[in-house]
Each structure stands twice: as C-alpha cells, then as structure tokens.
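Please read the structure below before turning to the comments.
Quick note: the coordinates plus some simple rules give every number you see, no bench work behind them. As the structure is a computational prediction, the values presented were derived from the model and not from experiment. Ideal geometry is used to build each Cβ from the backbone, glycine not excepted, and the neighbour counts take in all protein chains shown.
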Amino acid sequence: MSDALISASLVFRDDGTPYSPRHDDIYHSAAGALAQARHVFIDGNGLPGRWRGKACFTVIEAGFGMGINFLATWAAWRNDAHRATILNFVSIEKHPFSANDLRAAHAAIIDDDAVVPLADLLASAWPPLEAGMHRLAFDAGAVTLTLALGDAARLLPHLADSGAAADAIYLDGFAPAKNPDMWTPAIFTSLARIAKENATFATYTSAGDVKRALVQSGFEYRKVAGFGGKRAMLVGKRSLSGNAVIDS
C-alpha cells in the first residue's frame with residue numbers, strides 16, 4: 001500500500017484543546033493530554049506492572065492521533081527499572097498529522113520535561129504520509145513504533161494475519177457517536193484475534209454499543225472512574241470464562 005493519505009488538520013479550540021473538524025470532536029480532555037493517557041491507558045492496562053520481567057511487551061492502539069499515548073507509554077517504560085526488555089507499540093491512524101503539525105501540537109500541549117525530548121525524536125523520525133506500515137525504532141531498537149496508516153477495517157485483519165499479538169490494547173478513536181467506523185463489531189473481532197490470552201484493554205468511553213461489541217467479541221469489561229470529569233470508562237481483558245460482564 002502506497003496511497004497518499006488525507007492528513008489531519010491542526011485546529012485548537014479557544015481553551016487550547018486540539019480539535020478535529022472532520023469528526024467534530026477533541027483529541028484529548030481539556031484536563032490534560034498526558035494525564036489522560038496515564039489514567040486511561042497506562043493505569044487502565046495495569047502498567048507498568050504488567051510488563052515487568054517480560055522480554056517483550058506489545059501494545060496495539062486504535063487511534064494514534066497526536067501520539068500522546070505512545071509518548072506517555074515510552075516515558076513510563078524508560079522510567080521503570082524493571083521494564084520489559086523490548087517495548088513494541090503498534091498504532092493505527094487513518095488521518096495522520098504532518099511532521100510540522102505534530103511538532104506544533106506537541107509544543108502546545110506537552111509540558112513534561114521527560115516527554116519533550118521523546119516528542120522531538122518522534123517528530124524527527126516521522127514517516128511520509130503514505131498508507132501502509134511504517135516501523136520506527138528508538139532507544140537502540142529497544143522501543144519500536146509501527147505506524148499502520150490507513151483504514152482500521154483493512155489494517156487490523158492484516159495485523160492479525162501477520163501474527164501480531166497484543167499484551168495490551170488502547171482503544172482511543174474519536175467518540176463512537178462521532179467516528180462509528182472505529183467501533184464496529186468487525187473492529188472488535190479483529191482485536192480479539194490479535195489479543196493474547198491474558199491481554200488487557202482500556203478505553204475512555206463507556207458507550208453501550210462499545211460494551212456490547214466487546215462482549216460479543218470475547219472480552220470482559222468493568223466500569224471504573226473516568227478522567228477529567230467523565231463518570232466512567234471501561235477496562236477489561238479477553239474473556240475465557242464466557243462470563244464477560246463484570247460490572248455493567
């Protein structure tokens with residue numbers, strides 16, 4: 001695949017929150033991008049504890065956006081003396097930013113001294129905006145980022161067929177009501193194929209359609225406190241018991 005992609009537009013709301021005109025939705029909570037990434041995706045997947053002692057740990061993400069979840073995960077990995085030897089991060093994005101817009105977005109929203117240099121490394125390694133798989137390596141190859149640029153409905157089955165196996169899943173597309181194509185039963189079926197037996201997931205949403213799709217695809221979920229004023233979000237894992245709903 002080498003088709004050119006339609007890039008995202010860098011737009012900010014009056015409060016400084018990055019906004020997508022295409023989806024009429026924000027990229028992260030006004031309460032903070034890094035804080036949201038840590039609460040929802042890192043804590044929601046039980047990290048860093050779950051990667052400790054492992055030779056390799058793989059995160060698969062639906063919705064790269066501005067890369068804040070990747071940067072927060074990379075920083076947490078770097079800061080953990082007992083981290084996995086290898087961190088693989090695979091993320092799907094249909095409308096990526098240009099390298100220049102990515103730098104501008106990071107300059108506006110990242111104020112963590114440990115993350116700023118990582119953001120610069122990411123922008124410096126940013127691939128051309130062409131559909132397909134782009135593998136970036138950092139920290140002498142100990143951290144890899146595979147950017148799967150294109151439509152998730154096409155790319156997720158390809159990842160599953162290629163043997164990708166997730167230890168943790170970040171579900172971070174725009175809200176289901178704004179971007180329903182990222183939350184279809186087919187997407188969750190592909191994610192179930194990719195998920196290892198003990199894989200966990202986390203997402204900021206607790207929408208009913210998402211809960212139903214998770215259960216139908218073999219995941220169990222529970223509701224926990226959300227971030228930035230959101231009452232609830234979902235966390236969970238692959239279900240082996242068939243009793244998929246812990247707390248509806």
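In vacuo Debye scattering of the chain, one point per C-alpha: log10 I(q)/I(0) at q = 0.13, 0.14, 0.15 Å⁻¹? Values, matching the q order: -0.76, -0.90, -1.06.
How much length would be gained if the chain were fully extended between Asp209 and Met133, taking 0.36 nm per residue of separation minus their Cα-Cα distance, in nm to one decimal? It would help to have the intermediate numbers written out before the result.
Numbers: separation 76, 0.36 × 76 = 27.36 nm, distance 2.93 nm.
Full-extension gain reported as 24.4 nm.
Excluding same-chain neighbours fewer than eight residues apart, the lysines reachable from Lys94 by a Cα-Cα span under 30 Å are Lys178, Lys196, Lys211, Lys223, Lys230, Lys237. Alpha carbon centre of the stretch 195-215 versus the stretch 66-117: separation in Å? One Cα centre to the other: 23 Å.
Going through the stretch 1-105, which trypsin sites (Lys or Arg not before Pro) have at most 11 other Cβ atoms within 10 Å and a DSSP loop state?
Arg13
What fraction of the DSSP beta bridges in the chain is antiparallel, stated in percent and rounded to the nearest 5?
Details: 22 of 47 bridges.
Within the chain, antiparallel bridges account for around 45 percent of the total.
For Phe188, Phe138, what ranking results if the residue with the fewest other Cβ atoms within 10 Å of its Cβ goes first? Don't skip to the end; give the middle numbers.
Working: Phe188 25, Phe138 17.
Placing the least packed residue first, the sequence is Phe138, Phe188.
Relative contact order of the stretch 1-79: 21 percent, from C-alpha pairs under 8 Å at least 6 residues apart in sequence.
When each of Val215, Val90, Val59 is scored by the number of other beta-carbon atoms lying within 10 Å, the sequence from fewest to most is Val215, Val90, Val59. Derived scalar couplings between HN and Hα for the stretch 11-28 equal 10, 10, 6, 4, 8, x, 7, x, 9, 9, x, 4, 10, 6, 8, 8, 7, 7 Hz in order, rounded to whole Hz, by the Karplus curve 6.51 cos²θ - 1.76 cosθ + 1.60 (θ = phi - 60°), x for Gly and Pro.
With 10 angstrom as the radius, rank Met66, Met133, Met233 by how many other C-beta atoms surround their C-beta, starting from the fewest. Mind dumping the intermediate values first?
On the way: Met66 25, Met133 16, Met233 21.
In order of increasing Cβ crowding within 10 Å: Met133, Met233, Met66.
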